[in-house]
Amino acid sequence: MPEDLNETLHFTKNWQQQLAEAFNDIEGLCHYLRLSVNDLPVSVAAAENFPLRVPLSFAASMQKGNPNDPLLRQVLPIKNELFAYPGFSNDPVGDLASTTQTGVLHKYHGRVLFINTGSCAINCRYCFRRNFPYADLQLSKQNENAGIQYIQDNPDISEVILSGGDPLLLSDTRLAKLVTQLNAIPHLKRIRIHTRLPIVLPARITDGLINTLTQSTKQMVIVVHCNHANEISPRVITAFKLLRNRGITLFNQSVLLKDVNDNVAVLCELSEQLFGQGIIPYYLHLLDKATGTGHFEVSETVAIDLIKQVQATLPGYLVPKLVTEQAGALSKQTIL
Ligand SMILES: *Cc1c(COP(=O)(O)O)cnc(C)c1O
Ligand code: SF4
């Protein structure tokens, strides 16, 4: 990001350019936020393990001069990432072990995750995929076709969940091809997309993208990933509107994160703001115990207490389901 960055100009650029100009170093991000690197527990070694990556669109929603900003905490590489926490490992939910060369992850009845890219527009420090050797998955065209074949050959599958990485980082052309291939499978009812791009790079939500997605004869569901109401900027609201106006059903999933959203008022405000934009709170995940993320953990006892208080405050449809993922289980496990 250049020193003399001009935000207004930046946001007139297309999504690929905005992505190319994302912050990729601690100094640059801190400078933009008017924070001194010396006053923060940053770690260059942590950034070498898993690089810093934040589009300006997301950074612009952080409060300048606030070292404890809940959005900053999600992306800043800090020393705690290097500490070993008991019970944390590289593949806590067994996904790596279960993902085939085709990118298809078939753990639950009737639905599969289909991974077509390992890249994301943002690197969330708490991500359970941060330690995955995506390069080894060899997400090639040929393997993608094998994945389609797998879905075709299994009539029990009624829903394909495009996941990643972030599937909306694929080009419109590649997405169009995928949608066409999935449309041709009669037993499929729905295509679901798990993406953080409407939140972190809302410029990705173009008319071209929406035309591509709504070409589908299948029902189209998008599950976004938003952890804090501060993430819902006017640009994000515009992206949500574009999707909703074209009949795409929107849900949200969040991760419960210490010092980000482990607070009743914050969780209630998030649900309110989301629903204000027509998005239904779906899941609140307990942290997956991936190496490097221990400092984000909220205990199950605290989580239950929090969600009970949210339940006592909001209508039932604004209370996300508190869930955890267990290796080998047949679905996400609801807590409470
Ligand atoms: C989370 C997940 C799903 C989707 O689960 P839902 O409860 O339908 O949202 C599907 N497959 C895998 C492997 C998952 O991890
Ligand atoms: S957007 Fe999702 S998959 Fe990508 S780094 Fe963040 S949490 Fe992980």
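The values are calculated or read from the model by the stated rules, or taken from the named source; none is laboratory data. It should be emphasised that the depicted structure is a prediction, and the values quoted were computed from it without experimental measurement. Every residue, glycine as well, gets a Cβ built from its backbone with ideal geometry; the counts of neighbours run over all protein chains shown.
Quick rundown of the values:
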read-out	value
Residue ID - surrounded by the fewest Cβ atoms within 10 Å (Cβ to Cβ), chosen from residues in the range 140-197 that are of a type in the set (Val, Ile, Thr) and within 22 Å of Ser57 (Cβ to Cβ)	Ile193
Filter result for Lys258 (assigned by TED's automatic domain parsing to the domain that holds Leu318 and within 20 Å of Thr180 (Cα to Cα))	no
Residues satisfying the stated conditions in the range 247-269, i.e. of a type outside the set (Ser, Thr, Tyr), within 16 Å of ligand 2 (Cβ to nearest atom) and outside any loop (DSSP other than H, G, I, E, B)	Phe251, Asn252, Gln253, Val255
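Matching residues to (1) at pLDDT below 95; (2) away from ligand 2 (no atom under 15 Å from the Cβ); (3) in contact with a Pro (Cβ under 8 Å, 6 or more places away or on another chain):
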residue: Thr117; (1), (2), (3): yes, no, yes
residue: Ala121; (1), (2), (3): no, no, yes
residue: Arg125; (1), (2), (3): no, no, yes
residue: Tyr134; (1), (2), (3): yes, no, no
residue: Leu137; (1), (2), (3): yes, no, no
residue: Lys141; (1), (2), (3): yes, yes, no
residue: Ala146; (1), (2), (3): yes, yes, no
residue: Tyr150; (1), (2), (3): no, yes, no
